[in-house]
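Encoded as structure tokens, the structure appears first; notes follow it.
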Amino acid sequence: GVKTATAYPEPLRRVVYFDVDAGKRYVFLTNNFSLPPLVIAQLYKARWQVELFFKWIKQHLRIKVFYGTSENAVRTQIWIAVSVYVLVTILKKQLGLEQSLYTILQILSLTLFEKTPILQVLSEANYKSEESDSTNQLLLFDF
């Protein structure tokens, strides 16, 4: 459009991609004229996966603010979060856990300084959640 041309005066390339799996049509704007359209679409798709990953990190690994303002501080905090994500994912896979990564992280954060084996902590969490359903709590409307 007219406003776009003034905001970014260089020529842009419009790439249209149809994702068969999702059944959706995507339109990308790029200033790269040398790469094939499929590569452009794959790059945007990979970038979107990175965006989703960081969204997940912000929601589940409690990165709401960065504790430092320098580039090194931000990078360090991101690498720590990524490392935690990878370690918990490996733990989940190797132990064959059914809990979500979020649940595992919550359990681990509560038992961080206990000297209990991880498998025991996570299996006790399953036992306690099943047990709590059959407690002797009175019902509010038990007439």
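The values are calculated or read from the model by the stated rules, or taken from the named source; none is laboratory data. Keep in mind that what you see is a predicted model, and the values were worked out from it rather than measured. Heads up, the Cβs are rebuilt from the backbone with ideal geometry, glycines too, and the neighbour counts pull from every protein chain shown.
Odds and ends about this structure:
- Number of the exception - A41 against (1) under 28 Å from Y102 (Cα atoms); (2) touching a residue at least 12 places away in the same chain (Cβ under 8 Å); (3) part of a helix (DSSP H, G or I): (1)
- Residue match in segment 129-138 (condition: modelled with pLDDT under 85, in a loop (DSSP other than H, G, I, E, B), over 21 Å from K58 (Cβ atoms) and of a type in the set (V, I, T)): yes
- Top-ranked residue of segment 38-78 - restricted to ones that are among the aromatic types (F, W, Y) and modelled with pLDDT under 90, ranked as farthest from K24 (Cα to Cα): Y67
- Per the conditions (1) of a type outside the set (D, E); (2) under 12 Å from L122 (Cβ atoms); (3) part of a loop (DSSP other than H, G, I, E, B), the sole criterion not satisfied by K64 is (2).
- Number of residues in segment 69-125 that are surrounded by 12 or more Cβ atoms within 10 Å (Cβ to Cβ), outside any helix (DSSP H, G or I) and not hydroxyl-bearing (S, T, Y): the value is 2.
- K24 being exposed (fewer than 12 other Cβ atoms within 10 Å of the Cβ), modelled with pLDDT of 90 or more, under 24 Å from E124 (Cα atoms) and of a type in the set (D, E, K, R): no
- Exactly one residue among L97, L112, L119 is more than 21 Å from the chain's Cα centre (by Cα) and touching a residue at least 24 places away in the same chain (Cβ under 8 Å), and that residue is L119.
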